[in-house]
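Notes follow once the structure below has been shown.
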Amino acid sequence: MQQPDPDVLARLALECDIQPLLHGRLESAGRLDLIPENFRESLAAARHKCRMDNILLLAEAEKAIDALAGAGVMPVVLKGMDIIHRYGMDFDLRRMDDMDLLVPTGQVKDSMAALAAAGWKLPHRIYDSNWAPYHTGLESSGPIMVYLEIHWNIIQEGRYRLDPADLFARAGKLEVGGRPVLGLHIHDLAVHTLLHHVSSHFHRKLKNWIDLHLLSMEDGFRWESVVDRAREWGGLPGAAMSMRHAGRLFPNWFPEEVVKLFGPERLRSLALKPLASTHPLDMYRKTSSRLVEMLLSAAMVSKPWRLPAAMRMFRGEPDYLRGVLDVDQHDS
């Protein structure tokens, strides 16, 4: 069997965002000797950076959670912050790009005011680039700026149908730095992971699939329930295409019989065939193109009449967002 080219392996580990995990797995197995010394050093450096970055992010997250608690808000932690604390992971095995917190829609303004009072910098207008239809980005005031995303939903309204109150009703208890928070129900988190992959245009990062595999091994996890939840949200087409990508990358984790539960999606696959990629890591070509992004977004809509709303970034300012940016905040 031909040994992998270490330079190619190093590039792929970086591109797939698994350098820290790869180093950790090899180290725990006592097999770091399998890779060349220069690659071993680069993996160790990436893991060290991941540890430092995550410690900084989590320290800032604890301040944000404290500020929200002072306003009577208990958030749901999302993505990496959830996974790390749900499974007691070492901070240097899974990279966190930012922090994501979901707050109840009726407490969005109070949350923003509390965070602004704690020194977080809010965007100056709703159409700033760090706004999306279901979250906004805030910047920390420290010497090293980090991002915090406050969500009032986890998926785009109009494209999908989801009452965020249902997420809170099903959420379970977690702790971040000894602070009580909430974590999504395992089936909600699984669907969110799949639909987040769609909104990220089927990128090459593999940590989402590692997260999904961990979830799938939990007691009480049922793929049939994930399918039902995705259908309930109007996100089954996107979830199905994401599962096809997951099955292509990790057939042992997501075997064909699991992928088929989400439906064949033959018409969508046929429509997107001109964009199909032959690269083993990619589903589609040229996903950085705005036109391809729009085509993929259109193809993942569950019902044709949802297309106009799905293709618009903003559908007007919801009631619970009115006045959010009018809260007092410190000048940066």
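Read the figures in this text as sums done on the coordinates, not as results from a lab. Worth saying up front: this structure is predicted, and the values here are computed from it rather than measured. Using ideal geometry, Cβ is built from the backbone for each residue, glycine included, and neighbour counts are taken over all protein chains shown.
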Next on the checklist: Take S269 and S225, extend 7 Å from each Cα along the Cα→Cβ direction, and tell me the distance between the two endpoints in nm.
Outcome noted: 2.8 nm
Checklist entry - At A59 and M145, where each label point lies 7 Å from the Cα along Cα→Cβ, what is the point-to-point distance in nanometres? => result 1.9 nm
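For the chain, rounded, prolate or oblate, judged on the Cα gyration tensor with a ≥ b ≥ c (square roots of eigenvalues), a/c < 1.5 rounded, else prolate if a/b > b/c? Kindly include the intermediate steps, with their values, before the conclusion.
Values: a/c = 1.65, a/b = 1.14, b/c = 1.44.
In terms of gyration-tensor shape, oblate.
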Next on the checklist: Counting other C-beta atoms within 10 Å, and keeping those with at most 11, which DSSP coil trypsin sites (Lys or Arg not before Pro) do you find in region 16-74?
Outcome noted: R31
Next on the checklist: Could you give each residue of region 277-283 its phi-based ³J(HN,Hα) in whole Hz, using Karplus coefficients 6.51, -1.76, 1.60 with θ = phi - 60°, and x for Gly or Pro?
Outcome noted: 9, 8, 5, x, 8, 10, 8
Checklist outcome for this item: Residue separation between A45 and L26 times 0.36 nm, minus their alpha-carbon distance, gives in nm 5.4 nm
Checklist entry - Simple spin-label model, 7 Å along Cα-to-Cβ: A169 to D33 in nm? => result 5.8 nm
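Could you give the length gained on full extension between E232 and M217, defined as 0.36 nm per residue of separation minus the Cα-Cα distance, in nm?
Numbers: separation 15, 0.36 × 15 = 5.40 nm, distance 2.29 nm.
Extra length available between E232 and M217 comes to 3.1 nm.
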Item to check | Share antiparallel - DSSP beta bridges, the chain, percent rounded to 5 | outcome: 70 percent
